[in-house]
Amino acid sequence: MLEGKIALVTGASRGIGREIALTLAKNGAFVIVNYNGSAQRAEEVVKAIREAGGDGVAMQCNVSDFSESEKLVKNVIAQYGRVDILVNNAGITRDNLIMRMTEADYDAVMDTNLKGAFNMIRHLSRFFLKQRSGKIINISSVSGIMGNAGQANYSASKAGLIGLTKSLARELASRNVCVNAIAPGLIETEMTDALSDEAKENLKSLVPLGRMGRPQDVANMVLFLAGDNADYITGQVLHVDGGMVM
Ligand code: NAP
């Protein structure tokens with residue numbers, strides 16, 4: 001399905017990004033598994049990709065850094081010549097009530113979740129435009145749509161990603177580049193492991209399907225948006241949340 005395509009997945013050393021990388025690779029894409037600090041885990045993802053019959057490579061880059069992101073893109077283009085699919089998945093939380101939220105917590109979340117996506121798109125858009133094709137998929141969150149007490153920074157970054165998605169969908173459409181966002185609900189990863197059992201139960205009670213989602217649920221949507229079957233879909237926010245937001 002994605003044979004011959006080059007995919008770059010940010011924050012792919014674990015959780016949702018890992019599953020996205022594996023799923024794209026199992027469907028034929030060569031995957032660049034980006035990570036920031038977890039080199040060993042990113043190499044394990046590449047190993048799992050190869051064991052599943054696919055191919056890929058791990059590449060370090062802190063996506064929140066403009067010039068590091070440029071270096072990553074230059075490196076990828078020099079080695080593989082193109083990128084067909086960009087998944088902006090890298091993300092962090094620094095939850096706190098607004099009265100206790102530090103400037104550093106606010107900046108770190110905005111820099112990784114929102115500016116990180118801007119950085120990657122900014123450096124890659126030239127190549128997408130020249131190719132006259134491309135799929136950009138930004139991983140937002142239900143928090144960016146409905147808000148969440150204690151996550152003002154995170155919700156703002158994820159809502160910002162939706163604005164970025166829609167503006168770029170309009171800007172890049174004439175060159176056949178599709179830009180969409182996915183808003184996952186509560187997904188089982190290390191990010192949500194950090195929540196207390198009480199918080200998880202409270203959130204689960206908001207999910208009509210009555211359970212947390214799995215990284216594979218999000219990866220399935222990425223696979224759809226990355227493929228030819230989604231060629232007429234751009235500027236959308238697709239929910240993968242068990243019905244949490246409707
Ligand atoms: P996770 O398990 O905490 O993994 C986060 C990934 O992001 C890691 O691979 C990490 O790599 C990478 N990362 C963090 N900062 C980075 C940076 N500056 N540069 C490059 N990579 C960086 O998180 P997750 O639950 O899989 O979440 C993935 C995405 O889905 C995030 O954008 C998150 O906001 C979103 N999301 C998650 C949920 C959920 O319920 N889990 C719900 C909605 C949306 P290193 O370890 O190498 O730093």
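Quick look at the values:
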read-out: Identity of the residue in the range 78-92, in a loop (DSSP other than H, G, I, E, B) and surrounded by fewer than 22 Cβ atoms within 10 Å (Cβ to Cβ), that ends up farthest from the ligand (Cβ to nearest atom); value: 81
read-out: Among the residues listed as 217, 193, the single one being among the acidic types (Asp, Glu) and within 15 Å of the chain's Cα centre (by Cα); value: 217
read-out: Any hit, the range 68-77, residues being more than 12 Å from the ligand (Cβ to nearest atom), among the hydrophobic types (A, V, I, L, M, F, W, C) and surrounded by fewer than 17 Cβ atoms within 10 Å (Cβ to Cβ); value: yes
read-out: Odd one out for residue 164 among (1) away from the ligand (no atom under 16 Å from the Cβ); (2) touching a strand residue (DSSP E or B) at 6+ places or on another chain (Cβ under 9 Å); value: (1)
read-out: Within the range 144-246, helices (runs of 4 or more DSSP H) holding 2 or more residues that are charged (D, E, K, R) and modelled with pLDDT of 95 or more; value: 152-172
read-out: Count of residues meeting criterion [outside any helix (DSSP H, G or I) and either surrounded by 20 or more Cβ atoms within 10 Å (Cβ to Cβ) or hydrophobic (A, V, I, L, M, F, W, C) (or both)] in the range 97-130; value: 4
read-out: Counted residues, the range 192-219 - those being at negative phi and either hydroxyl-bearing (Ser, Thr, Tyr) or open to solvent by less than 80 Å² (accessible area, probe 1.4 Å) (or both); value: 16
read-out: Pair list, Cβ under 8 Å, 6 or more apart: the range 54-75 residue assigned to a helix (DSSP H, G or I), other residue small (Gly, Ala, Ser) and modelled with pLDDT of 95 or more; value: 69/116
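To keep it simple, each residue is scored yes or no on (1) within 25 Å of residue 22 (Cβ to Cβ); (2) out of contact with any Phe, Trp or Tyr (no Cβ under 8 Å at 6 or more places or on another chain); (3) not hydroxyl-bearing (Ser, Thr, Tyr).
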| site | (1), (2), (3) |
| --- | --- |
| 79 | yes, yes, yes |
| 85 | yes, yes, yes |
| 94 | no, no, yes |
| 97 | no, yes, yes |
| 104 | no, yes, yes |
| 109 | no, no, yes |
| 116 | yes, yes, yes |
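The values are calculated or read from the model by the stated rules, or taken from the named source; none is laboratory data. These figures come from a predicted structure and were not determined experimentally. Here the Cβ is made from the backbone with ideal geometry for all residues, glycine too, and neighbour counts use every protein chain on show. Accessible surface is based on the protein model in full, side chains and every heavy atom, while ligands, DNA and RNA are left aside. Shrake-Rupley method; radii C 1.70, N 1.55, O 1.52, S 1.80 Å.
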